[in-house]
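The values are calculated or read from the model by the stated rules, or taken from the named source; none is laboratory data. This is a predicted model, so every value here is computed, not measured. Quick reminder, even Gly has a Cβ in these numbers, built from the backbone with ideal geometry, and neighbours come from all protein chains shown.
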Amino acid sequence: MALSFTVNGRKVSTGSDPLARLSEVLRQEFGLTGLKEGCLEGECGACTVLVDGAPVHACLMLAFQAQGRDIVTVEGLGGSGTLSSLQAAFVEDGAVQCGFCTPGMVMAAEGLLRANPAPGTEDIRHALAGNICRCTGYENIVRAVSAEAERRREARA
Ligand code: FES
Ligand code: FES
């Protein structure tokens, strides 16, 4: 039986093994290689996507669990060839080094900002606690998310 769900605003269906990891289906069948497969155990956060608006480790979700859900990957944030403002904030604040963690980190941050428009530093650290970065020491990442939260608040004012 084909599975149907929405990816980055587009309705898709797949005949993938219903027990395949969602991360694998998104990368291999749909070519969405922005999300990374690191630990495959729910520990590193490199595979984070939004499912119905909330951050989820796609390596821990099976394909059948995506049935009817709304999935957003990092490719769905910006325009074609354009960074989203959150992604741009990461670049501006030096929150990207090797970049392996960055798509997952951005998606976890995007989930936070959608749920909490005014996060404090501790809120940001808590929201990103499931995402490991070996390079940046996290300070610049927290600063970038905080700057983006402020920018969005100003845009809404
Ligand atoms: S690859 Fe999914 S949490 Fe590490
Ligand atoms: S930038 Fe290298 S792991 Fe985060």
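Quick look at the numbers
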item: Filter result (crowded, with 17+ Cβ neighbours inside 10 Å and touching an Asp or Glu at 6+ places or on another chain (Cβ under 8 Å)) within the stretch 105-129; result: A109, L112, L113
item: Selection within the stretch 88-104 - surrounded by 15 or more Cβ atoms within 10 Å (Cβ to Cβ) and within 15 Å of T33 (Cα to Cα); result: F100, C101, T102, P103, G104
item: The stretch 80-100 residues that are farther than 15 Å from L128 by Cα, paired with ones that are within 15 Å of ligand 2 (Cβ to nearest atom) and acidic (D, E) (beta carbon under 6 Å, 6 or more apart); result: none
item: Within the stretch 36-47, tally of residues that are crowded, with 23+ Cβ neighbours inside 10 Å and either assigned to a strand (DSSP E or B) or of a type in the set (A, V, I, L, M, F, W, C) (or both); result: 2
item: Filter pass, E148 being of a type outside the set (F, W, Y), surrounded by fewer than 14 Cβ atoms within 10 Å (Cβ to Cβ) and modelled with pLDDT of 95 or more; result: no
item: Qualifying positions in the stretch 19-49 - within 16 Å of ligand 2 (Cβ to nearest atom) and either of a type in the set (S, T, N, Q) or modelled with pLDDT under 95 (or both); result: T48
item: Positions within the stretch 25-35 being surrounded by fewer than 21 Cβ atoms within 10 Å (Cβ to Cβ) and in contact (Cβ under 8 Å) with a residue 24 or more places away in the chain, in sequence order; result: G34
item: Options S80, S85: the member that is closer than 17 Å to R152 by Cβ, surrounded by fewer than 23 Cβ atoms within 10 Å (Cβ to Cβ) and among the hydroxyl-bearing types (S, T, Y); result: S85
item: Test: residue in the stretch 37-47 that is more than 12 Å from ligand 1 (Cβ to nearest atom) and in contact with a helix residue (DSSP H, G or I) (Cβ under 8 Å, 6 or more places away or on another chain); result: no
item: Candidates A88, A54, A95, A66 - the one that is more than 25 Å from R151 (Cα to Cα) and of a type in the set (G, A, S); result: A66
